Ligand SMILES: Nc1ncnc2c1ncn2[C@@H]1O[C@H](COP(=O)(O)OP(=O)(O)OP(=O)(O)O)[C@@H](O)[C@H]1O
Ligand SMILES: [Mg+2]
């Protein structure tokens, strides 16, 4: 059964699923993310890039409700969500995979997936693990393995699978390819493309700016907590300032 907090209608492809308007958020006295306005089209992949400390993680955490809110609005499918708790945002269809490795290393893959389904309404839990296992056959082969013994990439997939058990429509990913081999990074990007193919909208922070922008529809460049540039991913890749600062090209 769907709870009352569930969104009424899905956004059609291309319509905004998420909009922030002059969003400010942070931790202590001063906001870190300042006056941030951006619109994320439904069914797209959008990559956030920017230097260390720019506020990328803070932005993603603020969209999920994990930070101190200073002002502005966040609309999900047109509904204001900036005052909702994270688990209510999850119920509406926003999933968040934080930076880092798996949370329960001493539990098996199966136990982790059971835990991921634990918060779901009764009746949805059983099917949820099966559904994500069908998406990630690699996990099926390792159900009895302790999560902490999985490789970094496998742990990242497990964490993502646990969030996907809640069947989010918007998935927020913080640096999913960090610390992975180039081959595993490619697999992460393939998985993200696959999720878009299944109708999800993905907003992802990536240090592998080029690899991520190549599979993305849109890009967001953050600097010092503010929006520096946004537009189609191809325009960002081709922008001379971005090429020099983030994509390893020599200055013109
Ligand atoms: N828990 C916290 N308490 C106080 N300040 C924090 C906290 N987490 C981050 N900050 C500060 O917020 C600013 C932005 O950090 P944030 O983690 O959002 O940047 P980022 O763009 O994700 O960087 P990176 O690429 O290194 O992950 C930094 O100056 C950081 O010191
Ligand atoms: Mg970060």
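Taking the options 57, 37, 73, 42, name whichever one is away from ligand 2 (no atom under 16 Å from the Cβ), surrounded by fewer than 21 Cβ atoms within 10 Å (Cβ to Cβ), touching a residue at least 60 places away in the same chain (Cβ under 8 Å) and farther than 16 Å from residue 168 by Cβ.
Details: 57 fails: away from ligand 2 (no atom under 16 Å from the Cβ); 73 fails: touching a residue at least 60 places away in the same chain (Cβ under 8 Å); 42 fails: farther than 16 Å from residue 168 by Cβ.
On inspection, the qualifying residue turns out to be 37.
Return the residues of the stretch 8-21 that are over 16 Å from residue 40 (Cβ atoms) and modelled with pLDDT of 95 or more; say none if nothing qualifies.
First pass over the stretch 8-21, keeping only residues over 16 Å from residue 40 (Cβ atoms): 8-9.
The answer is none; no residue qualifies.
Could you please find all residues in the stretch 48-90 being in a helix (DSSP H, G or I) and within 16 Å of ligand 1 (Cβ to nearest atom)? It would help to see each step written out before you state the result.
As a first pass, look at the stretch 48-90 and keep what is in a helix (DSSP H, G or I): 56-64, 86-90.
Passing the criteria: 56, 57, 58, 59, 60, 61, 62, 63, 64, 86.
Restrict the check to the stretch 94-101 and report whether at least one residue is within 19 Å of residue 191 (Cα to Cα), surrounded by 17 or more Cβ atoms within 10 Å (Cβ to Cβ), more than 16 Å from ligand 1 (Cβ to nearest atom) and in contact (Cβ under 8 Å) with a residue 40 or more places away in the chain.
yes
Taking helices (runs of 4 or more DSSP H) that fall entirely within the stretch 111-198, which contain at least 1 residues that are at pLDDT 90 or above, more than 21 Å from the chain's Cα centre (by Cα) and surrounded by fewer than 21 Cβ atoms within 10 Å (Cβ to Cβ)? Break it down stepwise before answering.
On the way: elements: 125-135, 137-140, 152-164, 182-197.
Here the list reads 125-135, 137-140.
Out of (1) modelled with pLDDT of 95 or more; (2) farther than 21 Å from residue 198 by Cα, what's the single condition that is false for residue 87?
(1)
Is at least one residue of the stretch 209-219 modelled with pLDDT of 95 or more, over 16 Å from residue 175 (Cβ atoms) and touching a strand residue (DSSP E or B) at 6+ places or on another chain (Cβ under 8 Å)?
yes
Out of all the residues in the stretch 204-252, which are assigned to a strand (DSSP E or B) and touching a helix residue (DSSP H, G or I) at 6+ places or on another chain (Cβ under 7 Å)?
If we filter the stretch 204-252 for residues that are assigned to a strand (DSSP E or B), which is where we start, we get 204-205, 218-223, 226-232.
Listed by number, the residues that qualify are 204, 205, 218, 219, 221, 222, 229.
The values are calculated or read from the model by the stated rules, or taken from the named source; none is laboratory data. Keep in mind that this is a model prediction, so the values were computed, not measured. Every residue, glycine among them, receives a Cβ derived from its backbone with ideal geometry; neighbour counts consider all protein chains shown.
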